[in-house]
1. For segment 336-370, which residues satisfy the criterion of being more than 27 Å from residue 239 (Cβ to Cβ) and either modelled with pLDDT under 95 or assigned to a loop (DSSP other than H, G, I, E, B) (or both)?
2. State which residue is surrounded by the fewest Cβ atoms within 10 Å (Cβ to Cβ) when the search covers only segment 270-295 and only residues that are within 15 Å of the ligand (Cβ to nearest atom) and more than 10 Å from the chain's Cα centre (by Cα).
3. Would you mind telling me which numbered condition in (1) farther than 26 Å from residue 370 by Cβ; (2) away from the ligand (no atom under 16 Å from the Cβ); (3) among the small types (Gly, Ala, Ser) residue 449 fails?
4. With the requirement that a residue be in a loop (DSSP other than H, G, I, E, B) and either crowded, with 19+ Cβ neighbours inside 10 Å or out of contact with any His (no Cβ under 9 Å at 6 or more places or on another chain) (or both), what does segment 405-422 give you?
5. Give just the number: which of (1) without any contact (Cβ under 8 Å) to a residue 24 or more places away in the chain; (2) surrounded by fewer than 19 Cβ atoms within 10 Å (Cβ to Cβ) does residue 250 not satisfy?
6. Identify the single condition in (1) aliphatic (A, V, I, L, M); (2) assigned to a loop (DSSP other than H, G, I, E, B); (3) modelled with pLDDT under 95 that residue 107 does not satisfy, given that it satisfies every other one.
7. Taking residue 399 as meeting all but one of (1) in contact (Cβ under 8 Å) with a residue 12 or more places away in the chain; (2) under 22 Å from residue 350 (Cα atoms); (3) not in a loop (DSSP other than H, G, I, E, B), write down the number of the exception.
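The values are calculated or read from the model by the stated rules, or taken from the named source; none is laboratory data. Since we're looking at a predicted model, the values are computed, not measured. Cβ coordinates were reconstructed from backbone atoms using ideal geometry, including for glycine residues, and neighbour counts include every protein chain displayed.
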Amino acid sequence: MKSHKFTIITLGIILLAVLPTFNSCSNKAKQIENKPKYIFLFIGDGMGLNHVNITQAYLQSINGEIGYQDLTMTKFPMSGTCSTYSKNRLITDSGAAGSAIACGEKANTGEISFYDDIDKGETTPISIAKIAHNNGCKVGIITTVSINHATPAAFYAINKSRSNYYDIGLQLPESGFEFFAGGGLKYPKDRNNDKENLYDICIDAGYNYIKDITEIPKFKKSNDKVLFESPVLWSDAEMPYEIDRTEHDGYSLSQIVNAGIDFLDNENGFFIMVEGGKIDWAAHENDAATIINEVIAFDNAILEAYNFYLEHPDETLIIVTSDHETGGMSLGLGQNGYKSDFSLLANQKMSSYQFSTIIKNYKTSNSTYKLSEVINLANAHLFIDDLSLTEYEMEQVKNAYRYYFFNETNLNTIQLNNLYDNYNPVATTFIRILQNRASVGFTSWTHTAASVPIYSIGSGAEKFSGNIDNTDISKRILDITNW
Ligand SMILES: [Zn+2]
């Protein structure tokens with residue numbers, strides 16, 4: 001085996017000496033053995049190890065078994081952990097973490113691949129997606145949230161603040177990346193609705209702006225570019241939660257990734273970043289069933305990449321990781337000791353976010369509010385089977401009901417914040433009751449500093465095992481591609 005490798009390397013060196021240098025993915029890939037030509041980088045936003053573990057344990061539990069059911073990502077042969085801290089804060093955000101993953105350099109919280117303050121006498125770091133593009137790869141950026149949101153933005157834009165959605169959006173067509181897909185553009189005419197529409201700018205720059213996934217193959221010509229947007233978007237230009245999505249609500253992330261692979265597949269190779277952006281949003285809301293559904297949808301999208309890998313095992317690298325943990329999620333709860341039953345979460349049929357809308361509508365369309373009606377709403381919309389509240393649980397619902405509908409409470413601001421943060425108190429309470437029964441807990445409404453998992457398979461995957469830092473990811477991609 002060793003002499004075989006030596007022969008290939010020697011042959012490669014001889015060939016290199018006689019061939020002209022090509023600045024493309026494929027030709028460079030031939031220079032060194034074991035170089036990936038097709039690279040997938042999956043980022044589960046907010047996806048800590050416990051978000052993965054609860055999904056595994058949940059899937060096992062609904063089969064009446066104890067243990068962890070394998071996901072596509074957990075079956076990958078290489079795994080490890082990834083530290084996530086930002087340049088100026090231990091608990092990072094998606095801007096800083098996305099920048100660190102994309103550019104291999106720590107950024108400040110809230111920044112998008114912004115390194116103007118770097119003074120090392122070195123070249124300012126740029127994103128691995130731009131480097132891939134400069135080396136002849138086609139590039140795809142796919143997300144379930146808006147395409148000018150922090151994580152996708154870190155791969156094509158540079159900005160001091162992740163909140164500058166319009167300025168970030170302007171950089172999307174400038175990137176020239178071939179495929180953007182998933183959510184839409186947030187604030188397409190800026191916050192005051194007074195700037196040129198970003199969609200028009202993208203179309204003028206040559207992007208085919210489409211919402212029908214079946215049209216994507218039509219544009220698979222060498223210079224065609226696609227901006228594909230889910231036909232159903234929610235208020236922040238994001239795709240619906242998977243738990244809420246019906247067959248009329250657009251496409252799954254896996255369908256979009258599948259279409260993206262077909263569109264981007266070419267002999268020069270590709271780099272595709274896929275973000276499961278709403279794992280984080282569900283975790284901010286401390287909504288375990290919605291997290292599980294988002295992780296399953298994310299894993300199904302990874303399966304699409306894995307199927308591609310099976311066709312090109314020597315030329316494909318798949319890396320799956322996260323930008324940070326969200327929610328401080330625990331699999332087990334003090335009040336239940338060693339008892340848990342995650343299968344109870346199967347009783348939840350919509351997200352806390354969607355149920356909040358139902359409760360808000362009930363409040364605005366009525367002048368009197370009855371506790372029994374509020375409980376009936378939960379049993380009709382949120383749960384498959386009625387909850388049959390215990391006395392203790394009924395007390396929790398009454399407190400949330402009194403606070404939300406009548407602004408009556410005995411709690412101080414800190415206690416209220418701990419209980420509900422800025423989320424709907426009634427929806428939050430019903431969700432928590434179910435989760436408490438299942439033994440799922442959350443310690444935070446924000447991100448935490450916990451390390452996140454990293455899984456990989458394929459050409460060069462061994463570089464991403466062990467305990468690494470988020471800045472190592474793009475550095476190691478550079479190492480193995482020699483870009
Ligand atoms: Zn977040």
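1. 337, 338, 339, 340, 341, 365, 366, 367, 368, 369, 370, listed by residue number.
2. For segment 270-295, the residue satisfying everything is 284.
3. The one condition residue 449 does not meet is (2).
4. Selection gives 407, 408, 409, 410, 411, 412, 422.
5. The single condition residue 250 does not satisfy is (2).
6. Going through the list (1) aliphatic (A, V, I, L, M); (2) assigned to a loop (DSSP other than H, G, I, E, B); (3) modelled with pLDDT under 95, residue 107 breaks only (3).
7. Failed condition: (2).
Let's see how each residue does on (1) aliphatic (A, V, I, L, M); (2) assigned by TED's automatic domain parsing to the domain that holds residue 264; (3) in a helix (DSSP H, G or I):
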{"residue": "155", "(1), (2), (3)": "no, yes, yes"}
{"residue": "162", "(1), (2), (3)": "no, yes, no"}
{"residue": "202", "(1), (2), (3)": "no, yes, yes"}
{"residue": "216", "(1), (2), (3)": "yes, yes, yes"}
{"residue": "222", "(1), (2), (3)": "no, yes, no"}
